[in-house]
1. Which members of the range 332-367 meet the condition of being acidic (D, E) and not in a helix (DSSP H, G or I)?
2. Could you list, in sequence order, all residues of the range 330-346 that are more than 16 Å from D274 (Cβ to Cβ) and either in contact with a Phe, Trp or Tyr (Cβ under 9 Å, 6 or more places away or on another chain) or crowded, with 22+ Cβ neighbours inside 10 Å (or both)?
3. Output the number of residues of the range 347-365 satisfying the condition of being among the hydrophobic types (A, V, I, L, M, F, W, C) and in contact with a Phe, Trp or Tyr (Cβ under 8 Å, 6 or more places away or on another chain).
4. Would you check if there is a residue in the range 271-285 being at pLDDT below 70 and not in a helix (DSSP H, G or I)?
5. I'm trying to understand the selection: among the residues of the range 316-331, which are part of a loop (DSSP other than H, G, I, E, B) and either without any contact (Cβ under 8 Å) to a residue 60 or more places away in the chain or in contact with a helix residue (DSSP H, G or I) (Cβ under 7 Å, 6 or more places away or on another chain) (or both)?
6. Return the pair list, or none, for Cβ contacts closer than 7 Å from residues in the range 22-39 that are free of Cβ contacts under 8 Å to residues at least 40 places away in the same chain to residues that are part of a helix (DSSP H, G or I), at least 6 apart or on different chains.
7. Scan the range 109-120 and give yes if some residue there is crowded, with 16+ Cβ neighbours inside 10 Å, under 48 Å from the mean Cα position of the chain (by Cα), closer than 23 Å to V82 by Cβ and modelled with pLDDT under 75, otherwise no.
8. Of the residues I69, I58, only one is touching a helix residue (DSSP H, G or I) at 6+ places or on another chain (Cβ under 6 Å), assigned by TED's automatic domain parsing to the domain that holds L148, within 13 Å of I147 (Cβ to Cβ) and at pLDDT below 85; which?
Amino acid sequence: MAENDRVPILSDEESGAQALLAQAAEVVAAASAQPDLDSCLRVLRDGLLRLGVRRAGIWLLEPHNPVLIRGTWGTDWDGQAVDERTLVMPLGRFLTPDQIASGQKVILRRLVRPPGPVAPHQARRLTGGPSNGATVVLRASGLLLGILSVDTLPEGSPLTPAQIQAVEWVADHIAPFIARWRTIAALDERLVRQAVERTEEVRRTAEVAARQVLDRLASELIVILSHELRSPLSLVYGYTELLLARLDQLSRDDLRWMLQEVMAGARVLVTLLDELVDFVRLDQRALAPERRPVEVAALVAQMATASLAALDSRRIRMAVPAGLVVQADPVLLERALVHLLRNALTYAPEGPVWLRAGADDRDVWLEVADSGPGIPPEERERIWDAFYRGREVAGRATGRGLGLGLTLVRRLVEAQGGVVELRCPPEGGCVFRLVFPRDAAPA
């Protein structure tokens with residue numbers, strides 16, 4: 001065999017050093033492949049223990065407090081894994097200012113266990129004598145990141161040069177990955193902080209907007225109430241005053257007519273108060289529907305003799321088949337229909353108003369249709385808003401009441417599991433249809 005072909009024979013010490021470096025490379029490869037910093041540090045700590053040391057820990061410099069370092073993952077006196085992430089240690093416990101300034105990479109220590117039950121991080125670190133511990137500095141691009149701390153326990157054998165070299169190799173090659181993860185974490189933290197700040201800003205803006213809406217609604221309600229209550233109250237007060245002053249002078253017919261006017265004014269007041277009470281109870285979810293099978297024809301007949309008496313029933317036409325049953329709360333359904341009929345009679349002052357009902361394979365429906373001017377497209381969403389009272393028709397203001405009628409219709413129907421549909425045919429008029437599922441189970 002030629003002189004140059006001879007395979008160099010390594011000493012046991014050299015072979016051991018190469019094996020440790022190979023092991024160090026595997027540690028870095030495994031740790032750097034982790035998805036996050038915590039996982040990287042756990043794998044790194046476990047890998048350091050395979051380099052022949054008994055204990056290992058990683059400490060990272062706090063980003064916003066350079067005089068302290070934060071414990072991450074370490075081992076106890078028996079070499080068992082322990083989470084030290086809550087520990088905060090002075091930087092000077094591991095590195096002196098001179099060592100930091102000089103860029104020293106490895107600081108050897110001799111660990112001595114003090115008497116009594118103390119934690120491993122409280123062990124005394126002495127200089128001089130055989131070194132059974134080492135602090136290896138983590139740096140990336142000249143930036144101090146933290147330290148790796150390894151030892152063989154106070155009772156262990158000194159660290160070998162090969163072990164120190166392997167730990168130093170790990171520190172040099174894992175530091176860039178730690179720096180990258182910390183940068184990503186800082187960026188994520190900043191993004192989260194920005195998201196939280198933005199959410200808080202949106203919440204404050206929403207609160208201000210909500211207060212403004214509530215203030216506006218309260219102001220509108222006061223104006224509407226003062227206007228709408230004034231007429232019926234004036235009527236009731238005026239005719240009552242007249243009756244008291246001229247009771248003996250009035251004929252029976254005059255007396256009946258005045259009492260009917262007083263009753264009409266009182267009925268308006270009761271209607272306004274009922275709308276307000278229903279609105280508040282629905283808004284607070286305090287109006288619980290009691291759904292059951294309701295025969296539509298019987299409900300409409302009952303309405304004709306009671307609820308519709310206060311309306312211009314001469315204009316109301318009905319087309320309701322016998323035997324049609326809907327799953328609904330009869331009281332709430334009647335209120336919704338009365339609101340629709342009153343709305344149609346108000347906004348379609350001429351022509352008949354139809355109350356119809358029917359069914360198909362899936363749904364039962366009831367609808368109120370009028371032959372009025374219809375609703376402009378730009379108002380078809382606003383009509384459901386509370387206190388919205390519509391527009392003028394043919395130069396005449398038709399906005400009457402509190403502007404809660406259609407708001408209550410939608411909420412009353414939805415509380416029973418139904419929906420309200422609006423159709424405005426091209427030829428004019430409006431059709432409000434209440435749709436309920438045929439197979440809806442009673443509540």
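The values are calculated or read from the model by the stated rules, or taken from the named source; none is laboratory data. Note that this is a predicted model, so its numbers are computed, not measured. Glycine gets a Cβ as well: all are built from the backbone with ideal geometry, and neighbour counts include every protein chain shown.
1. If the condition is that a residue be acidic (D, E) and not in a helix (DSSP H, G or I), then E350, D360, D361, D363, E367 are the ones that fit.
2. Filtering the range 330-346 down to residues more than 16 Å from D274 (Cβ to Cβ) leaves 330, 344-346.
If the condition is that a residue be more than 16 Å from D274 (Cβ to Cβ) and either in contact with a Phe, Trp or Tyr (Cβ under 9 Å, 6 or more places away or on another chain) or crowded, with 22+ Cβ neighbours inside 10 Å (or both), then A344 is the only one that fits.
3. Residues meeting the conditions: 4.
4. Within the range 271-285, one or more residues are at pLDDT below 70 and not in a helix (DSSP H, G or I).
5. Kept after step one, since they are part of a loop (DSSP other than H, G, I, E, B), are these residues of the range 316-331: 320-324, 329.
Scanning the range 316-331 gives V320, P321, A322, G323, L324.
6. A30/V43; A30/G47; Q34/C40; Q34/V43
7. The answer is yes; a qualifying residue exists.
8. Values: I58 fails: at pLDDT below 85.
Being touching a helix residue (DSSP H, G or I) at 6+ places or on another chain (Cβ under 6 Å), assigned by TED's automatic domain parsing to the domain that holds L148, within 13 Å of I147 (Cβ to Cβ) and at pLDDT below 85 holds for just one of I69, I58, which is I69.
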